[in-house]
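First comes the structure, then the notes that go with it.
The values are calculated or read from the model by the stated rules, or taken from the named source; none is laboratory data. What you see is a predicted model, and the numbers here were worked out from it, not measured in a lab. Counting neighbours? That spans all protein chains shown, and the Cβs are built from the backbone with ideal geometry, glycine included. Areas reflect the complete protein model, heavy atoms only, side chains present, ligands, DNA and RNA absent. Shrake-Rupley method; radii C 1.70, N 1.55, O 1.52, S 1.80 Å.
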Amino acid sequence: MLLTACAGADSDPAAGGTTPSARPTPTATSSPSSTRPPSPTASPTPSTAAEITEAVTHWYEYGGETAMVSLIEEAEKAQSGRPSEKEAFELVILDFSGLEGALSTARLFGSIPDPKTQRTWSAAIDRLDDGAREVLAAAPEGRTFQSPVEAGQAFRGWNTFDEGLKSLKKTGSRLDRTFGLKPPSDPWGKG
């Protein structure tokens, strides 16, 4: 996907009537060694509590809620492929395809303009992605049984995934508690 931005001329008469040259637009680069794009990082935030609340509300109302609900629902769906602790030889089907799309959307959408909320949001994105990658890497190709090493790797991956779910819940809780923002219906448990 290619994203471009347009820069307009400065209309400030104090600028002396000159048109400043367009600043270069930052572009995402990818190296062969990188496996995923970086999570959004907190951008400079407004300075007063009222400005922060307004900026977070704007983020939430113009797509943040949708990105968060989608991530919750897809993480819940991915969890459905998790083997239970009751049955050691249970056949499971891992499907992280929807989660992959939700993570991409969350990254592309941008950062939450509140540093504390952004930390939990970024941690959720990173942990869910890292956990899913580790679980998938532990899945044997064309075999129905895992070696002890693969089983241990899957266990670690699910633990990382759980950390991501906890951070996602903290993000939702903070948005509700601090800014009064929550989805009209609870997205947890719908997947």
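Data table
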{"item": "The listed residue being open to solvent by 20 Å² or more (accessible area, probe 1.4 Å), on the phi < 0 side of the Ramachandran plot, without any contact (Cβ under 8 Å) to a residue 12 or more places away in the chain and among the small types (Gly, Ala, Ser), out of Ser97, Ser80, Ser70", "result": "Ser97"}
{"item": "So Ser34, is it at pLDDT 95 or above and closer than 30 Å to Arg156 by Cβ", "result": "no"}
{"item": "Qualifying residue in the stretch 46-68 (condition: among the charged types (D, E, K, R) and at pLDDT below 75)", "result": "no"}
{"item": "Enumeration of residues in the stretch 128-186 that are β-branched (Val, Ile, Thr) and crowded, with 18+ Cβ neighbours inside 10 Å", "result": "Val135, Thr160, Thr171"}
